[in-house]
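The values are calculated or read from the model by the stated rules, or taken from the named source; none is laboratory data. Treat the numbers as computed from the prediction; the structure is a model and nothing was measured. Cβ placement follows ideal geometry from the backbone for every residue including glycine, while neighbour counts extend to all protein chains displayed. Remember, those area values only see protein heavy atoms, side chains included, never the ligands or the DNA or RNA. Shrake-Rupley method; radii C 1.70, N 1.55, O 1.52, S 1.80 Å.
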Amino acid sequence: MDWLNWLVYTAAIVIIIYMAAVSLLYIGMFLVAGPRIRKERQLNREAHIEEISMNKDTFPVSVLVPAYNEEVGVVSTARSMLALNYPQFEVIVIDDGSSDQTSERVITEFRMKEIDLAIRRYFDTAEVERAYQSTLFPHLFLIQKQNGGKADALNAGINFSKYPYFAAIDGDSLLDRDALLKTMKPIIDSNGKVTATGGTVRIANGSRIVRSEVEEIALPKTPIVLMQIIEYFRAFLIGRLGLSRMNMLLIVSGAFGVFEKNRVIKAGGYKVNTVGEDMELIVRMHKSIKDERSDQRIEYIQDPVCWTEAPSTVSSLRSQRRRWQRGLAETLWTHKSMLLNPKYKGIGLFALPYYLFVELLSAIFELLGYVIIIAGLIFAFISWEITLIMFIATVVYGSLISSLAVLLEEWTYHKYPDVKSLLKLFAWSLTEAFWYRPLTVLWRCEGLIAAIRQKGSWGNMQRKGISEEEAA
């Protein structure tokens, strides 16, 4: 058994080094993001927004809302879009062949009438059957099409849209009234040098929603949703902000992002045969920019502007995480020629390797770590000293980085009104490595296997509807 002990010991050392290196990488990215976070704290947001809203050079935007079986939340989402504080925009709801009452809810609520169907053909999509326009809000449209998936629905929305920029919104999301102003500011200030922007997405479960707006932010009661809030803090405040500052941002969340339409058309639109269409498009846009030797950028703004409904059951969360991991694997495989390619500068030499070794393969390292810790305690394969070091590395890698993200969120935005909420989030973040992270690691490994086998689907998330749920 000496060879087995040597193998386990070697694996344990490799995992400890890996977790320590990734933890240091996270801290490094936080230091890179630090100046932007400090600047954000000192920003007078009200004056900042008022200045943009009065800017006559503000670009008009088409807001695209793909919806498939979203009857519970689609009306609230549409209301949220209509309430946006922005000089000129249109809202286009795309019903992607829903089998429920999605279209009927929108048509009835906004008193829509059918209009002539005039669509440009930037992209081939599943057949678009009808188009409607609201008699109450002339800038609200609904198009009905045969089912083709979210990416296909967004491509159909781009075909139908008339403005030079578009915002892609999930059918279950709510936007702050100033969301478009905030996300368009980098584009306006750069005179088009910024070609896409994404804002911070927050979880609305537990908050009080009135007239499709988040009136009072509060925490949900379910631990599995609480942990997702903490996860979002870490992903957005540390990960995406750090990469954005280096012009290496590879994800603009599918829940809410703003894009220059011409750049997306040049890149070929959304890819329909992947479950990670949001990240895949961003990587392809980076490739297009670098191939043209353009100086355009893709940026992330850290102000929370979008609210979404998080999975509230174990089965729906598992489905989501498997899908995310499969989408990440598919995107990295599709664009493997960019990996470590100096032609693509930071994207090829840092961002793509980061997503490969930290975001994708970390699930394997972590799963092996948990197995070795448990086996080491039960069967004494390795010394208790190594087991203890691995345990400490696991806690630091998971729980302590998450607790740092919670403190950052409060230091920057003060969104939660009472100290009790902050303490509750901080306490739960310290438990992450003991129950929540092992679950997500297992699901991510399942997603990786599904990507290798090229099997799997979007899965199904039963939505309660954030407005109805919280009003109740």
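Things worth noting here:
- Odd one out for residue 303, checked against (1) under 13 Å from residue 248 (Cα atoms); (2) touching a residue at least 60 places away in the same chain (Cβ under 8 Å); (3) of a type in the set (D, E, K, R): (1)
- In the stretch 60-91, the qualifying residues are those that are more than 21 Å from residue 210 (Cα to Cα) and within 21 Å of the chain's Cα centre (by Cα), and the one that is most open to solvent (accessible area, probe 1.4 Å) is 68.
- Highlighted here are the helices (runs of 4 or more DSSP H) found entirely within the stretch 302-403 that include at least 3 residues which are within 30 Å of residue 267 (Cβ to Cβ): 314-334.
- Unmet requirement for residue 185, which otherwise passes all of (1) open to solvent by 20 Å² or more (accessible area, probe 1.4 Å); (2) in a loop (DSSP other than H, G, I, E, B): (2)
- Selection within the stretch 151-171 - open to solvent by 10 Å² or more (accessible area, probe 1.4 Å) and either small (Gly, Ala, Ser) or not in a helix (DSSP H, G or I) (or both): 162, 163, 164, 165, 170
- Qualifying positions in the stretch 188-207 - part of a loop (DSSP other than H, G, I, E, B) and either closer than 19 Å to residue 261 by Cβ or among the charged types (D, E, K, R) (or both): 190, 191, 192, 193
- Applying the criterion of being assigned to a loop (DSSP other than H, G, I, E, B) and among the acidic types (Asp, Glu) to the residues of the stretch 36-87, the residue that is modelled with the lowest pLDDT is 57.
- Some residue of the stretch 443-454 being surrounded by fewer than 19 Cβ atoms within 10 Å (Cβ to Cβ), under 23 Å from residue 222 (Cβ atoms) and either at pLDDT below 80 or of a type in the set (Gly, Ala, Ser) (or both): no
- Residue match in the stretch 130-150 (condition: in contact (Cβ under 8 Å) with a residue 40 or more places away in the chain and part of a helix (DSSP H, G or I)): yes
- Test set (1) of a type in the set (Lys, Arg); (2) within 30 Å of residue 13 (Cβ to Cβ); (3) buried (at least 21 other Cβ atoms within 10 Å of the Cβ) - residue 336 fails condition number: (3)
- Every condition in (1) closer than 30 Å to residue 438 by Cα; (2) open to solvent by 30 Å² or more (accessible area, probe 1.4 Å); (3) modelled with pLDDT of 85 or more is met by residue 224 except one, and the failing one is (2).
- Only one of the listed residues (375, 351, 363) is under 24 Å from residue 19 (Cα atoms), open to solvent by less than 60 Å² (accessible area, probe 1.4 Å) and modelled with pLDDT of 95 or more. That residue is 351.
- Per-region count, the stretch 125-147, residues crowded, with 18+ Cβ neighbours inside 10 Å and in contact with a Ser or Thr (Cβ under 9 Å, 6 or more places away or on another chain): 6
- Pairs with Cβ under 7 Å, 6+ apart, first in the stretch 58-75 and under 13 Å from residue 94 (Cα atoms), second open to solvent by less than 20 Å² (accessible area, probe 1.4 Å) and in a loop (DSSP other than H, G, I, E, B): 62/161; 64/161; 65/171; 66/171; 67/171; 70/171; 70/172; 74/171
- The stretch 99-124, residues that are assigned to a loop (DSSP other than H, G, I, E, B) and open to solvent by 30 Å² or more (accessible area, probe 1.4 Å): 99, 100, 101, 111, 116, 117, 118, 119, 120, 121, 122, 124
- Only one of 275, 264 that is at pLDDT below 90 and either assigned to a loop (DSSP other than H, G, I, E, B) or of a type outside the set (Ser, Thr, Tyr) (or both): 275
- Residue list for the stretch 278-301, filter: outside any helix (DSSP H, G or I) and either over 23 Å from residue 199 (Cβ atoms) or not aromatic (Phe, Trp, Tyr) (or both): 292, 293, 294, 295, 296, 297, 298, 299, 301
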